[in-house]
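Just so you know, all these numbers are worked out from the coordinates, no wet-lab data involved. Keep in mind that what you see is a predicted model, and the values were worked out from it rather than measured. Cβ coordinates were reconstructed from backbone atoms using ideal geometry, including for glycine residues, and neighbour counts include every protein chain displayed.
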Amino acid sequence: MSKAFREEELAKIHNALIKEGFFAGSWICLERPSIEFRKFYKDFLRKAKFGILNYLQKYRLKMEPWRMLKGASSAFILLAPYITPSSKALKSKLPYKISLYAYGKDYHRVLKKRAKKVLLSCNQDHFRIITDSTPFPERYFARQAGLGFIGKNGMLIHPHRGSYFFITVILFQKKLPNSYKKNAVGKPQDDINRYCKDCTRCIDACPTGALVGDGTLDINLCISTITIEDKLSQLSYPDQSKNHKWIFGCDVCQQVCPYNHEPVLSSWKEFDPALPFEQLLTNPTRFEESILNGTALKRAGLKKLQENIQKLYNT
């Protein structure tokens, strides 16, 4: 039988992680996602809305989160900002555009390393730290934890801090104490009516028309899919989207969002620019593939970046 956290343990972990540089966090009991979400995701799969992202088909793992850690009973959901003053300053100097989350070192490693350090200092064991490299519905659970709403662009948006952040999930075998009160959240479809209302900035600004407007998107039209995940170059840009200059990811739907008017900045040096970006993007053939090691850009690879640049030249 799983032990339960003490109230002071929860507070200690929470405070230590916030002090480390995560800007928001919330505890939840680990339960199977709601019937509404399961129906939504089944419909998503049935209509093949996952496009070329076949890894999104791992339905059972997503709907049974305790499979990520045997005996998992609770989770702490965290938000970590990724824009730094240095990355913000460099953005306007580059000849091509790279999503701001990818300027620094590989965020999967950074988030796990920092969270693990804090947990060990709090004498915790039997936990697992999850980022978006695991089939876990982190946006769903972050919303359930009261950390934000799902906007028309499909992003989790914090009502006061915007959406320029990473979601980190820590699973624990320990249960939450009986005094824990579940967050009261409405239905996901109510988020748009309450927060986005009649705003269509993200939909209007999307270079490829990928956003549907209900929190979903046409994955195969998304620039992030085309520039990062399309390893075989199966996808192409619509005619009207020739001059966007994105070669790794895309931030347009976040850039125009009113909730991002004053994004929270990160103090973590790991998220400062980790590569000679100006030289890399001006003449990528000068560099070896290994230069991308330890960065998020490794997901695409140097050859793919070169192809993305060439694709923009040819359109």
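A few notes on this one:
- For the pair segment 18-74 / segment 1-16, the C-alpha centres are spaced 23 Å from each other.
- Each pair of Cα atoms in segment 1-74 enters the Kirkwood radius, and Stokes-Einstein at 37 °C and 0.692 mPa s then converts it into a translational diffusion coefficient of 216 µm²/s.
- The label-point distance for Asp214 and Ser92, in a model that sets each label 7 Å from Cα toward Cβ, rounds to 4.0 nm.
- Rounded D (µm²/s) - the chain, Kirkwood Rh over Cα pairs, Stokes-Einstein at 37 °C, 0.692 mPa s: 159 µm²/s
- Ranked by the mean number of other Cβ atoms within 10 Å of their residues, highest first, the peptides 33-46, 10-23 fall in the order 10-23, 33-46.
- Convex hull projection area averaged over all views, segment 157-209, Cα basis, nm²: 6.3 nm²
- Highest GNM mean-square fluctuation among Pro276, Pro284, Pro95, for the chain modelled with Cα contacts below 10 Å: Pro276.
- With Cα atoms defining each centre, segment 172-233 and segment 243-282 are spaced 19 Å apart in the structure.
- Only DSSP H runs of four or more residues enter the estimate; each adds -39500 (n - 2.57), and after division by the residues of the chain the mean residue ellipticity at 222 nm equals -8000 deg cm²/dmol.
- Per the chain, cysteines lacking a partner by the 4.7 Å Cβ criterion: Cys29, Cys122, Cys196, Cys199, Cys206, Cys222, Cys250, Cys257
- Among Ser121, Ser73, Gln144 the positive-end extreme of the charge dipole of segment 61-164 (Cβ point charges): Ser121
- Pairs of alpha carbons in segment 34-151 whose separation is greater than 21 Å (percent): 54 percent
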